């Protein structure tokens with residue numbers, strides 16, 4: 001391992017953490033409009049950080065939603081170009097009362113930094129900036145050309161990035177895309193993610209009578225929208241966790257024997273996961289292991305349901321409406337638009353009597369997978385192994401980063417997903433945090449990666 | 001019809017309406033603790049009104065919850081005693097934005113008075129007080145002894161009335177109980193309700209993992225509490241609206257041929273009901289008419305459901321919890337405690353994998369039915385016919401007034417349910433109102449009833 005970079009990061013650790021805390025203090029929640037100015041403030045914070053690192057042509061580029069921050073260093077003439085993607089927006093923080101320290105007051109406890117965005121994805125985006133800053137400070141130059149594309153709408157499905165990338169194909173053109181927004185396998189076990197699930201999302205609104213009714217006077221006379229919704233949702237999945245929407249699995253690439261064996265070789269501890277989540281038992285589509293179910297099998301989840309009385313005690317009401325929010329995680333080669341259409345068709349065929357149903361489509365993203373034997377991925381593997389002193393795991397991931405597929409499709413470049421978060425760091429949940437062991441080792445790994453990649457791409 | 005009482009009520013109409021408005025201005029919502037003082041204020045208003053009417057021994061009697069108001073007139077020595085029950089508490093007003101005039105600012109439009117409680121039950125309780133006041137003013141005495149028992153917890157299931165009645169059996173002892181808290185069949189068609197459904201209620205809390213999870217990372221790994229709840233609730237009812245809980249219908253008294261024919265003879269207009277409610281279609285237990293389903297068949301309704309994300313857009317979360325509130329309307333001879341036990345047993349047998357379920361029991365009330373040919377009911381029928389000049393309908397009602405069964409069981413007396421509200425007057429919903437035609441005719445009917453009952457009980 002390179003001792004110069006190691007010394008550099010040790011020397012600058014307090015400054016780096018103090019800067020990261022600054023970024024984490026900005027409540028850049030992209031989903032909630034009252035935080036619009038904070039999102040913008042985070043974008044400007046990123047530009048300053050890029051400039052300080054030595055990036056040029058840094059700009060905050062407006063979109064129809066939150067802006068994208070761009071910056072580059074293009075002085076390695078004739079050399080390849082690396083595009084680094086990250087996002088500076090974060091998830092909402094509710095239920096905020098479950099946080100042990102306030103979500104936007106970063107707090108270091110037990111060598112972990114607690115704050116919304118600590119891991120997903122401010123912490124990891126920040127590391128990419130600091131790695132290049134270090135190389136420029138140490139070497140005076142970078143091994144090849146770099147471009148940053150850091151957006152502010154990842155947590156709301158990147159509604160404007162597709163168009164942004166399409167309109168700026170030349171500006172963003174590169175030979176490889178690197179993203180750190182995926183987790184390690186577990187503490188001490190780095191992983192490179194070679195596939196991400198896609199996403200589609202919709203809302204179901206069930207309407208019964210014109211207003212709420214007294215359940216005594218009208219109970220038995222009319223359909224109850226909650227019952228109707230329950231019946232409809234239950235028709236979408238059987239007790240074995242299989243989705244029963246016609247055609248849902250039609251384009252799912254079957255799990256190959258090799259993949260199955262590779263997953264088994266990871267020795268994933270399902271019992272530990274169950275214990276950690278305090279789940280009564282693990283559960284999912286029958287016939288698959290937990291890893292298979294979360295990595296290479298699609299899901300349909302109800303993310304929210306509401307209707308009628310939610311207060312204390314009893315209200316004898318037949319509500320006029322009931323609602324559900326659904327997202328599906330998709331795998332190659334499912335098409336998000338087609339899956340939503342299948343769900344809509346299922347709803348049309350299964351609408352219970354006595355109610356009307358309307359459907360809102362929300363954002364979607366395609367699933368994505370990249371070959372394990374690609375040289376940019378193998379170089380990342382070697383970098384991890386040098387720093388963590390253990391073989392890297394090649395994994396898939398259940399989450400969706402729809403823009404990965406966008407970049408891959410529009411810019412025609414390989415994507416390397418090398419993350420430093422741990423799976424139990426509560427992304428999207430209260431008490432999100434980032435283990436500083438991976439902050440420290442991650443900075444070294446990124447520097448090693450650029451050296452390794454230089455050897456690979458220029459040999 | 002008695003012209004003296006008619007003249008009396010015409011002369012005093014403005015004063016009576018002005019007094020009623022005073023009562024309707026008090027937001028005596030028993031379910032919400034911030035209105036505790038208002039509920040108490042309403043109780044005191046009732047005492048003053050009873051005293052003004054000529055009642056004696058008037059007192060506000062504290063309970064563990066909201067107080068009961070008692071008052072009597074016991075100067076008809078050797079004559080029978082009538083107990084009048086009513087309630088001065090009202091339902092919550094949410095969603096308050098759907099009211100055309102504020103719920104506690106009574107407004108007369110189109111010969112209807114709009115306010116929370118106008119019909120259920122302040123308006124009708126007030127009429128009973130004014131009817132006796134009129135008779136005392138006109139005749140100087142009442143035909144027999146009267147007792148009032150007016151409570152403040154009817155809308156939260158009368159949790160303290162059972163004990164109250166049990167402890168004051170002698171004070172409340174009477175020969176007949178009269179209650180006006182049930183609707184007429186429709187405008188111009190008075191009805192005497194000879195049966196009420198009972199009620200049982202519970203809450204289901206489904207718990208999955210210790211916290212909310214990212215639906216990408218964990219989707220497929222664990223049971224989703226919303227799916228589990230949906231599956232559980234759907235197992236309780238089939239697509240024909242029949243409740244599929246083992247033993248649910250075991251003690252239901254089958255509908256007799258005579259009852260079926262009597263219901264059919266009412267010529268109930270299902271189409272008009274559907275249109276008025278703006279329901280896509282009417283729906284309920286297969287094999288029964290709408291009247292049968294709402295009057296003599298039990299129901300199981302989900303009154304509220306909630307879990308996960310309810311905001312705008314999408315949140316890719318697997319929630320840690322999901323909740324549902326259920327009430328059943330029960331008919332003779334179902335036992336509320338037994339039905340809740342059957343539901344609990346069903347839940348235990350149908351709990352989906354990967355979640356734990358806890359159940360909270362809320363209040364319950366027994367179903368009740370009284371013979372149509374009882375002399376006190378027949379006298380009420382004649383009183384209605386004199387004033388409304390049309391035969392009275394003998395109906396059942398789908399709602400529950402659990403205290404009816406309490407009085408019947410503890411005091412061993414027949415119950416006459418003679419109401420003056422119309423079914424579309426939005427009890428428990430925004431824009432509750434009371435048609436003043438039935439305020440005017442109701443006062444006359446009550447006076448006629450006491451004359452008729454005197455003839456019946458003393459002959």
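Some notes on this structure:
- With a 10 Å cut-off around each Cβ of A:289-297, the average count of Cβ atoms from other chains is 3.
- Neighbour counts of C-beta atoms inside 10 Å place A:147, B:257, A:360, B:386 in the sequence B:257, A:360, B:386, A:147, starting with the fewest.
- Cα pair distances exceeding 22 angstrom across region A:345-459, given as percent: 53 percent
- Cα long-axis angle, helix A:225-234 against chain A (0 to 90 degrees, to the nearest 10): 60 degrees
- Region B:141-182 versus region A:264-311: alpha-carbon centroid distance in Å: 55 Å
- With one equal scatterer per alpha carbon and no solvent term, the Debye-computed log10 I(q)/I(0) for chain B at 0.07, 0.10, 0.11, 0.12 1/Å reads -0.39, -0.77, -0.92, -1.07.
- Each of B:230, A:392 was scored by other Cβ atoms within 10 Å of its Cβ. Listed from fewest to most, they are A:392, B:230.
- Across chain A, Cα pairs under 8 Å and at least six residues apart give a relative contact order of 25 percent.
- Given in Å, the Rg to one decimal and the Dmax to the nearest whole number for the Cα atoms of region B:74-163 are 16.7, 54.
- Both numbers refer to the Cα atoms of region A:291-378; Rg and Dmax are 18.8, 65 Å.
- Partner shielding of A:271-277 amounts to 3, given as the average count of beta-carbon atoms from other chains within 10 Å of each residue beta-carbon.
- At 7 Å out from Cα toward Cβ: residue A:167 inter-copy label distances (nm, ascending): 7.4
- Shielding by other protein chains, B:201-212, mean Cβ within 10 Å: 4
- Axis-proximal residue of chain A for the rotation onto chain B, reported as residue and distance in whole Å: A:234, 2, based on Cβ position.
- Figure legend: label point modelled 7 angstrom from the Cα of residue B:21 along Cα→Cβ; residues of region B:101-123 with amide N under 16 Å from it are B:101-116, B:118, B:123.
- The stretch between residue B:385 and residue B:356, if pulled fully straight at 0.36 nm per residue, gains 4.7 nm over its current Cα-Cα span.
- Taking the fewest neighbouring Cβ atoms within 10 Å as the starting point, the ordered list for A:156, B:372, B:179 is B:372, A:156, B:179.
- Cα-based equivalent ellipsoid, region B:157-245: semi-axes from gyration tensor eigenvalues, Å: 46, 22, 12
- Across region A:250-390, C-alpha contacts under 8 Å between residues 6 or more apart give a mean separation that, scaled by the residue count, equals a relative contact order of 21 percent.
- In region B:127-204, the inverse of the mean reciprocal separation of distinct Cα atoms equals 15.9 Å; this is its Kirkwood hydrodynamic radius.
- Annotation for residue A:78, label-to-label distances across the other copies: 12.9 nm (shortest first, one decimal, point 7 Å from Cα along Cα→Cβ).
- Antiparallel DSSP beta bridges within chain A, percent to nearest 5: 70 percent
- Of the two radii for region B:118-170, the radius of gyration is 1.07 times the Kirkwood radius, both from the alpha carbons; that is the Rg over Rh value.
- Percent of alpha-carbon pairs separated by more than 15 Å within region A:234-325: 73 percent
- When the P(r) is computed for region A:1-117, the part past 16 Å accounts for 69% of the Cα-Cα pairs.
- Where both bridge residues fall in region A:1-152, DSSP classifies roughly 60% of the beta bridges as antiparallel.
- Relative contact order %, region A:2-135, counting alpha carbon pairs below 8 Å whose residues are six or more apart: 27 percent
- Computed from the C-alpha gyration tensor, the three semi-axes of the ellipsoid equivalent to the protein assembly as shown are 69, 27, 22 Å, from longest to shortest.
- For residue A:409, label point 7 Å along C-beta direction: distances to other copies, nm: 6.5
- Looking at the protein assembly as shown alone, DSSP beta bridges between its own residues are antiparallel in about 70 percent of cases.
- Distance from region A:368-441 to region B:43-72 (C-alpha centre basis), Å: 73 Å
- For chain A, adding -39500 (n - 2.57) for each run of n ≥ 4 DSSP H residues and dividing by the number of residues yields -11000 deg cm²/dmol at 222 nm.
Each value in this text was obtained by applying a stated rule to the coordinates, not by laboratory testing. In this text, all values refer to a predicted model and were calculated from it rather than measured experimentally. With ideal geometry, Cβ positions are generated from the backbone for all residues, glycine too; neighbour counts draw on all protein chains shown.
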